Structures are given as structure tokens and as C-alpha cells.
Ligand SMILES: [Zn+2]
């Protein structure tokens, strides 16, 4: 009979089948004989994925989103200027975006 292992749902650390808590992180382990997965079990499955998005990663994504928004603002200003024949709004938008880029260090 081979020894059973329980893989921690939080950190992925393999634990002895008889262990009640993860050796590495102390997360409560589920029996290898799993009951029908309820909402809480599915939630625990999602935990490693959720913790994968660190605050740094989130900030990076936000910065990318901001950069895209600024680019769109410039494109919209160029389109508006081309259509209306007025070029001062473009310079205004460009100036604002340039300042924002410098301030936010994108
Ligand atoms: Zn663990």
C-alpha cells in the first residue's frame, strides 16, 4: 500500500495523509477522501490563484491600464483635432498627459 499524500490547497506542500494541518503554512488540510465539493471547497481551490495577484502585480496592471487610458486620450484628441480643425485641445491634452506620465513615472 503506497503512502497517501495530501497536497495543501493553499501552498501546494505535500503532507502526510494523517496530518491535519500543513507542515509548511499550517493551513487546515482536507481528507484525501473528499466530500462532494461545496462552495467552501471551491473557494479554497481559488485561494492560490487569488494570492498569486500580489499588490505589486495589481499596481503594475493599474499602471498599464493608466498608460492605455492616456494613449486613448491622445488618440481621441488627435481625432478631434483632425475633425474640428482646432489643434489647441490636442496640445492641452498632450501637455496634461505628459505631466501625468512624468508624475506617475509610467
Ligand atoms: Zn500549506
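Within a 10 angstrom radius of the beta carbon, how do 54, 9 rank from fewest other beta carbons to most?
Ordered by Cβ neighbours within 10 Å, fewest first: 54, 9.
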What is the order of 58, 24, fewest Cβ neighbours within 10 Å to most? 58, 24
For the pair residue 94 and residue 28, how long in nm is the line joining their label points, each one 7 Å along Cα→Cβ? 6.2 nm
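For 61, 100, what ranking results if the residue with the fewest other Cβ atoms within 10 Å of its Cβ goes first?
In order of increasing Cβ crowding within 10 Å: 61, 100.
Every number here is computed from the coordinates shown, using simple stated rules; none is lab data. All values derive from a computational prediction rather than experimental measurement. Cβ: placed from backbone, ideal geometry, glycine included. Neighbour counts: every protein chain shown.
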